[in-house]
Amino acid sequence: MMSNLFSIFDPSTNIFNLPFNWISTFMGLMFIPYSFWFIPNRYFMMWNIISFKLHKEFKTLLGDNKINGSTFIFISLFFFILFNNLLGLFPYIFTSTSHLNLSLTLSLTLWLKFMIYGWINNTQHMFIHLIPQGTPTILMPFMVMIESISNIIRPGTLAVRLTANMIAGHLLLTLLGNSGLNMPNYLLIILIFTQILLLTLEFAVAIIQSYVITILSTLYSSEVN
């Protein structure tokens, strides 16, 4: 029995003093197609099609100054977040992406990598990027301050966006599920239908959020070249 409503999102929840929650983060490895020793099937071909489409899109976003193989970082990030989001839709499986522990670690690591690479290799470009083209001279100090703040908060916005979207849907499903205990039968049927619709919406949100986080990370990396 839950001690409070948010205990389902608590990473310290355990079974027999064994923290099993975060094990769902590594369950995505089970879904990776083993193409080297398995006969290619429809799942493997679908994986290749999605990877190829993402590769072409990320290649376009990164521009001409991209480093060979850099798109695979973002493809891996997409699949990692996607699997964790989808696994969280199953009952009794902990949604690791609903915690800032994971989402902030991913976004902050990528952001630091981009910043270190940009300031070391393209220092002049990074200074120029702080002042938008056509900015009046009197407003330049303020624009530098605003651009610096907006750049610093980027990993936080990425992490909070992913965490908030994952928690919101799960919390709504939990609230509606708990309210069905004292409902009459005719309202219970409506509740079940509503839960199915919300679960379908959460499935779409899981895909969209993994795509949005990856696209924004790709755009942030293209600015340092």
Exercise. Starting from residues that are of a type in the set (Val, Ile, Thr) and in contact with a helix residue (DSSP H, G or I) (Cβ under 8 Å, 6 or more places away or on another chain), keep the ones in the range 127-169 and report whichever is surrounded by the most Cβ atoms within 10 Å (Cβ to Cβ).
Key: THR163
Quiz item: Is it the case that SER210 is at pLDDT 85 or above, within 30 Å of ASN122 (Cα to Cα) and not hydrophobic (A, V, I, L, M, F, W, C)?
Solution: yes
Quiz item: Just checking, how many residues over the range 106-152 are closer than 16 Å to GLU223 by Cα, outside any helix (DSSP H, G or I) and not polar (S, T, N, Q)?
Solution: 3
Quiz item: So which residues in the range 81-99 are loosely packed, with under 15 Cβ neighbours inside 10 Å and on the phi < 0 side of the Ramachandran plot, if there are any at all?
Solution: PHE90, PRO91
Quiz item: What single numbered condition from (1) over 17 Å from ALA168 (Cα atoms); (2) in contact (Cβ under 8 Å) with a residue 24 or more places away in the chain fails to hold for SER96?
Solution: (1)
Practice problem: Inspect all residues belonging to the range 181-200 and state whether any of them is under 30 Å from ILE67 (Cα atoms) and among the hydrophobic types (A, V, I, L, M, F, W, C). | Solution: no
Self-check item: Residues within the range 95-126 that are over 29 Å from the mean Cα position of the chain (by Cα) and of a type in the set (Phe, Trp, Tyr), tallied
Solution: 0
Quiz prompt | Search result, residues across the range 48-87 that are free of Cβ contacts under 8 Å to residues at least 12 places away in the same chain, assigned to a helix (DSSP H, G or I) and of a type in the set (S, T, N, Q) | solution = ASN48, THR60, SER76
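The values are calculated or read from the model by the stated rules, or taken from the named source; none is laboratory data. Model, not experiment: these values are computed from the prediction. When we count neighbours, we look across all protein chains shown, and the Cβ atoms used for this are built from the backbone with ideal geometry, even at glycine.
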